[in-house]
Every structure is written in structure tokens, then in C-alpha cells.
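These notes concern the structure reproduced below.
The values are calculated or read from the model by the stated rules, or taken from the named source; none is laboratory data. Since we're looking at a predicted model, the values are computed, not measured. Positions of Cβ are generated from backbone atoms using ideal geometry, with glycine treated the same way; all protein chains shown enter the neighbour counts. For accessibility, only protein heavy atoms count, side chains too; no ligands or nucleic acids. Shrake-Rupley method; radii C 1.70, N 1.55, O 1.52, S 1.80 Å.
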Amino acid sequence: MDIRIVPLPAEKKKPRFTDESKLAFGRLFTDRMLLVEWKAGQGWVDARIEPYAPFVLDPACLVFHYAQEIFEGLKAYKWADGTVALFRPEMNARRFNRSADRLCMPEVPEELFLKGIEALVKLESDWIPTSPGTSLYIRPTMIAVEPVLGVKPSDHYYFFVIMSPVGAYYASGFKPVKIMVEDEYVRAVPGGTGDAKTGGNYASSLKAGLEAKKKGFDQVLWLDGVHKRYIEEVGAMNMLFAYENRVVTAPLTGSILNGVTRDSVLKLAGTLGFTVEERQIDVNELVADIRTGKVTEAFGSGTAAVITPVGHLSYKDEMYQVGDGGVGPLTQKLYDTLTGIQYGHIADTFGWMRKLV
Ligand SMILES: *Cc1c(COP(=O)(O)O)cnc(C)c1O
């Protein structure tokens, strides 16, 4: 499918950021966006890259009432030699379509997803910041825009991509977080939408996050929704633990989001001499193993922060310190290697980087 490029009038060009150290996460957006529509009986039509602008939508649109929405998150990097590269974007394309299937939305052809993002990034490449740790965050999204209050899959969708230059997550160095095992609210249940990247999962997680913040924690550690016993995810990241020479994380059994960073970390850990175990982790065993020092490191993984070290974990009002509460050697090594590949400093032996030509 051809992508039409709508001219960007000079007056629609936004002022550029001047200080990359002041870039926040997802507040500033580039000049253009990609928009493609899907209509029943026609399929995907009218792909265009147009000036970034608000949508005018009927208040009855299905997305506003029944949350038929999915999204993705990935990043573009600008290397020292000027190369622009995306990190494993085909993984996001496939996951987007798995989410689409779960929410009864049309699949976006992988080629349209990838070519659309590449064309947009290329046009906007002077928006990619270059200081260490910065990148261009890319947010593909699909929403149901049929204006009707009956509960059903929409007959009209917008697939759009917006982009935001983002600052370094760890501008002043790695900072281990304090997390709280959530034993009241749950994020996902078997058969639910936990393995789809859909806004509703986030809306329903806000209350637990807010209550944890009030108690002084950075994130919640989610337990499985049936037994409230097995570790699932941390906030909106996957959760991993190091036991000496093993890396352990929950298996993808339907209630856990299949993170691209999780997959990359597991592959990297394998090459660093660690055995990878995807298995159920009983929270009672976990805290016992943290207490006796068997668990040496704990960290979250996700696109935004890449790796988030966990220094302390609280369960039923008891606080447990992981290792010495600082950043362990594996956590540091994984972060350095993964970001090294993303920024073109380390050889990409996995073939993860997709360079724009
Ligand atoms: C997006 C997301 C992740 C992380 O996935 P990445 O592909 O590594 O960014 C983990 N958990 C949830 C709930 C998510 O939405």
C-alpha cells in the first residue's frame, strides 16, 4: 500500500527542543503522524503521513465507551555515525496483531506496520535526540471509531503512529526501586487480556499503583489472579530474578505480556553463561530465597527503561532486601549490553537492529 505524504506547512513545524537533558517521557511529539483507516468491506484505506494534530471524533465512538484499543511501544536510535535504527520492530508488529486478534480488531499487515513506521521515522529523523540514553519513542495505536453505543466490534478503525523524543531514563545513574507485592488487586487472569497490550489493562492497574505510591513504593509486583501466589509482572514490566547462575522468570501462560525486552534479556543471559528458567515462582519461596541470599538480583524489563533494578521488595508488610540493595553485576551487564547494541556500540550478533536506509 502506498503511503501518501501530506505536506507540512511551515507554521505547523514545532519549535525544537534545545536541551536534551530536559526531555521528559511522552510529553513532546514530533511534527507528523501516520494514520491509516480500516473500514468494513474495504479493509485498510488511505494510508497517509500528515501533520500531527488532534482528532475530531464523535463522542459515541466505541473506543470511548468499551475500550476497544491496542497499542505498542518501541524506539528508534540515532548512532554516532548518523545511522538510524529500530530495535526488533517486527516483534512489535507481530504482538500488535496478537493484541488485535484478542480485541476483535483487524490485523495490520506486518509490511504496512513496518514500512509506515520507517517512512515516518525517516521523515522525522531530525527529531531523534543523540545524547547518551536518549531516543525517539514510537507509539503505534489502534482505536475503534464507529459511533454506536451497542456493544460489538467496530466497523471503522484508526491505526495511527505518533512519536516522542525521550530523555535518558537513568540520567543520574541506575536507581534501584522499591516494590510491593500486591495481594489485593490483580492485573490479569487466565483467559483475560493480560497478554494483549490494551489500554484497559492499564486503567484497571492505576488504583493498585496509586495505593503503593502512597505507601512509599515505586511499583507493584503483580501476583497471578487465581491463587495470588505466583509472580507475574512488575508495574508494566516483566519481572526477572537471578539465582547465582540462573535467570528465572514467569512463563508466558496467557496472563503475562510477552515483552520484547524480556525475550532479549533471556537470549542475552544464555550467552553470558546463565541458565534460563521460565517457571512459576511462588512468592513465599521467593521471599525465603531473598532472605537467605539465594536470590542475588531482581529486575524489571521493558522498552522505556530497558532494565529496572529492584533493591527492596515488600510482602505482607515485611521488607526484604535483594542482595546488598544495589545494582548487581548481571543487571548492570544486561543493561550495558542491551543498550550497547541499541546505540551501535556493541556488535549486533543477534541481528536485532533494523537500520533505515
Ligand atoms: C509493554 C509491556 C511490557 C514490556 O514489553 P516490552 O516489549 O519489553 O516493552 C511488559 N508488561 C506489560 C504489561 C506491558 O504492557
Dipole check, the stretch 177-342, charges on Cβ (K,R +1; D,E -1), about Cα centroid: among 209, 188, 286 the Cα furthest to the positive pole belongs to 209
What does the highest-first list of 201-211, 105-115 look like by mean Cβ count within 10 Å? 105-115, 201-211
Nearest 20 debye, what's the magnitude of the dipole of the stretch 4-166 about its Cα centre given +1 on Lys and Arg Cβ and -1 on Asp and Glu Cβ? 300 debye
Sorting 45, 56, 125 by the position of each Cα along the dipole of the stretch 4-166 (Lys, Arg +1; Asp, Glu -1; all at Cβ), the one nearest the positive end of that ordering is 125
Only four residue types carry charge here, +1 at the Cβ of Lys and Arg and -1 at the Cβ of Asp and Glu. Report the dipole size of the stretch 222-351 about the Cα centre in Debye, rounded to the nearest 20. 60 debye
Top positive-direction residue, dipole computed over the chain with Cβ charges, set 295, 273, 329: 329
19 Å Cα-Cα threshold exceeded, pairs from 14/355; 178/215; 75/197; 215/316; 122/355: 14/355
What's the carbon and sulfur percent of the chain's accessible surface, probe 1.4 angstrom, rounded to a whole number? 53 percent
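Based on DSSP H runs of at least 4 residues, each adding -39500 (n - 2.57), what is the mean residue ellipticity at 222 nm of the chain after dividing by all its residues, to the nearest 500 deg cm²/dmol?
Value at 222 nm, helices only: -7000 deg cm²/dmol.
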Which whole-Hz couplings ³J(HN,Hα) result when phi for each residue of the stretch 21-31 is put into the Karplus expression 6.51 cos²θ - 1.76 cosθ + 1.60, θ = phi - 60°, listed in order with x for Gly and Pro? 6, 9, 5, 8, 9, x, 10, 10, 10, 6, 6
In whole Hz, the Karplus estimates of ³J(HN,Hα) for the stretch 341-349 (6.51, -1.76, 1.60; θ = phi - 60°; x where Gly or Pro) are 5, 5, 9, x, 8, 10, 4, 8, 5
Based on Cβ point charges of +1 for Lys and Arg and -1 for Asp and Glu, what charge dipole magnitude is obtained for the chain about its Cα centre, in debye rounded to the nearest 20? 520 debye
Heavy-atom accessible area per residue, the chain, 1.4 Å probe: how many Å²? 45 Å²
